[in-house]
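See below for the structure under consideration.
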Amino acid sequence: MRVLFRKLRFSTILFTLLLPALLLPARPAGAQESSQQAVPLTAEDLVQGAMDYWRGTSSIATMRMTIHRPDWERRMTMVIWTKGREDSVFKVTEPAKDKGNATLKLDREMWTYNPKVNRTIKIPPSMMSQSWMGSDFSNNDLSKSDSLTVDYDHELIGSEVVDGVTVYEIKCMPKPGAPVVWGMQTVKVREDYIMTEEIFYDEDFLPVKRLAAQEIKPMGGRLFPVVWVMTVDGEEGFTRLDYLELAFDVDVPERYLSLEWLKAPVR
């Protein structure tokens, strides 16, 4: 009787230890554990995580932009400073004819500075999607502000495993009254919060332009999409953005995020 009791007690303990594992859902074939979160719970988690991963608490980046059209091509180099989820400033350093052009974004407000006429112009939120320096990128695209996280509702619509990493597709619909121009956006975010694609749609849900990562490699102490290409639906040409240098969680002085510093000469 005592032996039977011991066997029953051992079986009960063993079952208790194995029960959590038995109840866990099976992982998709080929999926890998993420260093941050194995399976994000919601679409909001993915979008918020992707924005935080992209900007960090702060960042400094040097980028080369190539604007390619069928009959001409133009290049420029710029430096971008970001702080938090909303504030950023970017200045053109090359070529000489464009050097000093700068844009400052603080929360929902934006200003541009043209050194040739020594004039600063305030840009209303409704104009955030205008082309920046003749490229296929808008002011908002470059700053990667938190509009996607606060102005849209998110829905997970699919997932796939690419090179052993789960990639989630999310539909982003504008909230009622949100100050946005896009009728819808879709984004693809990996399980490690690296965004790989963003598609912008008009009010009739027709695609207008597509931003896609073409190369992901270590930079700034993390894996990061260092090459981005923006294409506009129905148009020839593209705009390519290459990250040349990148650092996260660095000191960005408050004076950098000011109208006074926006006009400061680029050195």
>> Suppose the filter is under 30 Å from E155 (Cα atoms) and touching a residue at least 40 places away in the same chain (Cβ under 8 Å); does D52 pass it?
In response: yes
> Within the stretch 149-197, which residues are open to solvent by 30 Å² or more (accessible area, probe 1.4 Å), closer than 22 Å to P124 by Cβ and among the small types (G, A, S)?
Replying inline: G177
> Could you list, in sequence order, the residues of the stretch 50-84 that are under 14 Å from the mean Cα position of the chain (by Cα) and acidic (D, E)?
Replying inline: D52
>> Can you tell me how many residues within the stretch 105-141 are under 18 Å from the mean Cα position of the chain (by Cα), crowded, with 16+ Cβ neighbours inside 10 Å and among the aliphatic types (A, V, I, L, M)?
In response: 1
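Looking at the stretch 252-267 only, could you name the residues that are closer than 13 Å to T82 by Cα and crowded, with 16+ Cβ neighbours inside 10 Å?
Going residue by residue through the stretch 252-267, those that are closer than 13 Å to T82 by Cα are 252-258.
Within the stretch 252-267, V252, Y256, L257 qualify.
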> How many of the residues in the stretch 156-179 are under 17 Å from the mean Cα position of the chain (by Cα) and either outside any strand (DSSP E or B) or charged (D, E, K, R) (or both)?
Replying inline: 2
> Inside the stretch 214-239, can you point out the residues that are closer than 24 Å to S129 by Cα, within 17 Å of the chain's Cα centre (by Cα) and open to solvent by 80 Å² or more (accessible area, probe 1.4 Å)?
Replying inline: Q214
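The values are calculated or read from the model by the stated rules, or taken from the named source; none is laboratory data. Quick caveat, the model's predicted, so the values are computed rather than measured. Quick reminder, even Gly has a Cβ in these numbers, built from the backbone with ideal geometry, and neighbours come from all protein chains shown. Heads up: the accessible areas ignore ligands, DNA and RNA and are worked out on the full protein's heavy atoms, side chains in. Shrake-Rupley method; radii C 1.70, N 1.55, O 1.52, S 1.80 Å.
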